[in-house]
Amino acid sequence: MKSKPNLTRFTYETAAFEGWRLCISRGGKTFTKYYSDKQFGGPRKSLNAAESALKDLKELLESARRVNGKLTQTTVKKAEKILKRA
């Protein structure tokens with residue numbers, strides 16, 4: 001499987017982690033979450049979870065209100081809540 005925009009695949013034979021990393025930056029804030037193959041039951045399931053969270057996160061961030069070009073604290077908290085759900 002190949003990496004996609006905002007989703008990076010980690011598959012290292014010597015590393016303890018195999019899975020996907022979601023990373024997106026908007027309004028001066030970076031949001032990152034790792035989706036482990038072990039936790040989600042395989043590479044496809046972890047990818048589906050990461051893509052679902054990315055879709056929800058993009059919807060929130062694109063419609064979010066900004067103050068001086070930065071995201072509001074409320075939006076940041078909502079984004080972090082989306083990442084914790086998965």
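Once label points are set 7 Å from the Cα along Cα→Cβ at both THR74 and ALA15, what is their separation, rounded to one decimal in nm?
Using points 7 Å along Cα→Cβ, the separation is 3.8 nm.
Using only Cα atoms, find the angle between the long axis of helix 73-85 and the longest principal axis of the chain, and express it within 0 to 90 degrees, rounded to the nearest 10.
The helix 73-85 is inclined about 20 degrees to the chain.
Of the candidates ALA50, ALA16, ALA64, which one comes out as most mobile in a Gaussian network treatment of the chain with C-alpha springs shorter than 10 Å?
ALA16
Using a 10 Å cut-off around each Cβ, can you sort THR14, THR72 from fewest to most neighbouring Cβ atoms?
Sorted ascending by nearby Cβ count, the order is THR14, THR72.
Measure nothing fancy, just the Cα-based angle from helix 43-62's long axis to the longest principal axis of the chain, in degrees from 0 to 90, nearest 10.
With rounding to tens, the tilt is 10 degrees.
List every residue whose amide H lies under 5 Å from the amide H of GLU18, counting only residues 5 or more places away in sequence or on a different chain, with H placed 1.01 Å from N in the peptide plane.
Those lying under 5 Å, H to H, from GLU18 are ASP37, LYS38.
Relative contact order (percent) for segment 7-85, with alpha-carbon contacts under 8 angstrom and 6 or more residues of separation?
24 percent
Place a point 7 Å from Cα of ASN6 in the direction of its Cβ. Which residues in segment 56-76 have their backbone N less than 17 Å from it?
Within reach of a label on ASN6, which here means backbone N under 17 Å from a point 7 Å along Cα→Cβ, segment 56-76 contributes 56-66, 71-72, 75-76.
So how far apart, in nm, are the two label points at SER63 and LYS84 if each is 7 Å from Cα heading toward Cβ?
2.2 nm
Each reported figure results from applying straightforward, stated rules to the coordinates on display, with no laboratory input. What you see is a predicted model, and the numbers here were worked out from it, not measured in a lab. Quick reminder, even Gly has a Cβ in these numbers, built from the backbone with ideal geometry, and neighbours come from all protein chains shown.
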